[in-house]
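One structure below.
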Amino acid sequence: MGCIKEDKVTIFDKKIYIKMWIPERLVSTVPIILIHDSLGSVDLWKDFPLELSRKTSRRVIAYDRLGFGKSDCCIEQPSVNFIKEEAGVLFPALKKQLSIQNYILLGHSVGGGMAINIAAKDKDCLRVISISAQAFIENVTISGIQKAKEFFTKGNQIKRLEKWHGDKAKWVLSAWVDVWLSSEFSDWSLSYCIRDVLCPILVIHGDKDEYGTIAFPRYISTNVGGDSENLIIKGCGHIPHKENPTETLNAVIQFLK
């Protein structure tokens, strides 16, 4: 049956929440590490990590980024360089605390962008799976975030985020919308690191994604320095691992073979 473990590790005097799914039989000691999206958390992955662990026979590790879920809160808003900072500062510290050497990354949305940044810096990353990752800023990206901001600031909709983030919910929302809608972030792209990704990458994207067109996966797969595979899921929005879990999991399994 395998087992599930939970823990908190200390990074720069802050507690980071970790959850680990360990299958009964391991085919490899190389774990898959999940990086969540802008409103995400460990718990919001739902059953996906368990199924991923079962079907790949690998250890799966998910963590709440600082300020999210069950990790400690942040007081300051993230800088416009928060994606670089996760890759260059926070993730390496987490990797060291968990005594991880080689690993595989799976990131959703901005987590996909972070995974690409990490892989560009760290050759211990053997493979990357990006799901619905943004590669630059499109009009649909801005429009989607503006609509989400309007939704969560009306009535009691913020309670939807409080369910997962508690009293950090307003910070989580602000950390997303205020940074991504700022003029300083308008020219952001993956161009500064994408060619340094030399490990194989699987790029998954829904053709109905509310926050980015298929120009994103095309850009990523065309510009990485290593081998790439694309999966464009028809009729799928921003969360393929929930909307089309079977197709998403099958693609990941095949990629890891």
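So is LEU249 aliphatic (A, V, I, L, M) and in a helix (DSSP H, G or I) or not?
Yes, satisfied.
Under 7 Å between Cβ atoms, at least 6 apart or on separate chains: pull out the pairs that start in the range 145-174 with a residue that is closer than 14 Å to SER38 by Cβ and end on any residue that is small (Gly, Ala, Ser).
Short answer, once both residue conditions are applied: LEU161/ALA169; TRP164/SER41; TRP164/GLY69; HIS165/SER41; HIS165/GLY69; LYS168/GLY67; TRP171/GLY67; VAL172/GLY67.
Do we have any residue at all in the range 102-117 that's in contact with a helix residue (DSSP H, G or I) (Cβ under 7 Å, 6 or more places away or on another chain) and free of Cβ contacts under 8 Å to residues at least 60 places away in the same chain?
Checking the range 102-117: not a single residue is in contact with a helix residue (DSSP H, G or I) (Cβ under 7 Å, 6 or more places away or on another chain) and free of Cβ contacts under 8 Å to residues at least 60 places away in the same chain.
Quick check: is even one residue across the range 62-69 of a type outside the set (Phe, Trp, Tyr), over 22 Å from LYS170 (Cβ atoms) and modelled with pLDDT of 95 or more?
Applying the first criterion (of a type outside the set (Phe, Trp, Tyr)) to the range 62-69 yields 62, 64-67, 69.
Cutting the leftovers down to over 22 Å from LYS170 (Cβ atoms) gives us 62.
If we keep only those that are modelled with pLDDT of 95 or more as well, we get 62.
Scanning the range 62-69 turns up at least one residue that is of a type outside the set (Phe, Trp, Tyr), over 22 Å from LYS170 (Cβ atoms) and modelled with pLDDT of 95 or more.
What's the number of the only condition in (1) exposed (fewer than 13 other Cβ atoms within 10 Å of the Cβ); (2) part of a helix (DSSP H, G or I) that SER191 fails to meet?
Answer for SER191: the failing condition is (2).
Select from the range 194-210 the residues that are surrounded by fewer than 23 Cβ atoms within 10 Å (Cβ to Cβ) and either among the polar types (S, T, N, Q) or part of a loop (DSSP other than H, G, I, E, B) (or both) and list them in ascending order.
If the condition is that a residue be surrounded by fewer than 23 Cβ atoms within 10 Å (Cβ to Cβ) and either among the polar types (S, T, N, Q) or part of a loop (DSSP other than H, G, I, E, B) (or both), then LEU198, CYS199, PRO200, ASP207, LYS208, GLU210 are the ones that fit.
Filter the range 46-85 down to the residues that are small (Gly, Ala, Ser), touching a Leu at 6+ places or on another chain (Cβ under 8 Å) and on the phi < 0 side of the Ramachandran plot and list them by number.
ALA62
Can you tell me which residue among LYS8, LYS70 is among the charged types (D, E, K, R) and over 27 Å from PRO245 (Cα atoms)?
LYS8
For the range 194-229: of the residues being touching a Pro at 6+ places or on another chain (Cβ under 8 Å) and small (Gly, Ala, Ser), which is farthest from ASN139 (Cα to Cα)? Let's see the steps before the verdict.
The initial filter retains those residues of the range 194-229 that are touching a Pro at 6+ places or on another chain (Cβ under 8 Å), namely 203-206, 226-229.
From the residues that got through so far, the ones that are small (Gly, Ala, Ser) too are 206, 226, 228.
Details: GLY206: 17, GLY226: 29, SER228: 26 Å.
My answer is GLY226.
I'd like the residue in the range 64-97 that is touching a strand residue (DSSP E or B) at 6+ places or on another chain (Cβ under 7 Å) and surrounded by 17 or more Cβ atoms within 10 Å (Cβ to Cβ) and, out of all such residues, is farthest from VAL9 (Cα to Cα).
Step one: list which residues in the range 64-97 are touching a strand residue (DSSP E or B) at 6+ places or on another chain (Cβ under 7 Å), which gives 64, 66, 69-72, 90, 93-94, 97.
Narrowing the set further to residues that are surrounded by 17 or more Cβ atoms within 10 Å (Cβ to Cβ) leaves 64, 66, 69-72, 90, 94.
On the way: ASP64: 11, LEU66: 11, GLY69: 14, LYS70: 12, SER71: 9, ASP72: 11, LEU90: 12, LEU94: 8 Å.
Taking the candidates together, the pick is GLY69.
Being crowded, with 18+ Cβ neighbours inside 10 Å, over 30 Å from LYS170 (Cα atoms) and among the small types (Gly, Ala, Ser) is the filter here, so list the residues in the range 1-59 that pass it.
Hit for the range 1-59 is SER53, nothing else.
Just to be sure I understand, how many residues within the range 171-188 are surrounded by 14 or more Cβ atoms within 10 Å (Cβ to Cβ), part of a loop (DSSP other than H, G, I, E, B) and out of contact with any strand residue (DSSP E or B) (no Cβ under 9 Å at 6 or more places or on another chain)?
Residues in the range 171-188 being surrounded by 14 or more Cβ atoms within 10 Å (Cβ to Cβ), part of a loop (DSSP other than H, G, I, E, B) and out of contact with any strand residue (DSSP E or B) (no Cβ under 9 Å at 6 or more places or on another chain): 1 in total.
So SER130 clears everything in (1) assigned to a helix (DSSP H, G or I); (2) in contact with a strand residue (DSSP E or B) (Cβ under 7 Å, 6 or more places away or on another chain); (3) crowded, with 20+ Cβ neighbours inside 10 Å except one condition, right? Which one?
Going through the list (1) assigned to a helix (DSSP H, G or I); (2) in contact with a strand residue (DSSP E or B) (Cβ under 7 Å, 6 or more places away or on another chain); (3) crowded, with 20+ Cβ neighbours inside 10 Å, SER130 breaks only (1).
The values are calculated or read from the model by the stated rules, or taken from the named source; none is laboratory data. Owing to the predicted nature of the structure, the values given are computational and were not obtained by experimental measurement. Quick reminder, even Gly has a Cβ in these numbers, built from the backbone with ideal geometry, and neighbours come from all protein chains shown.
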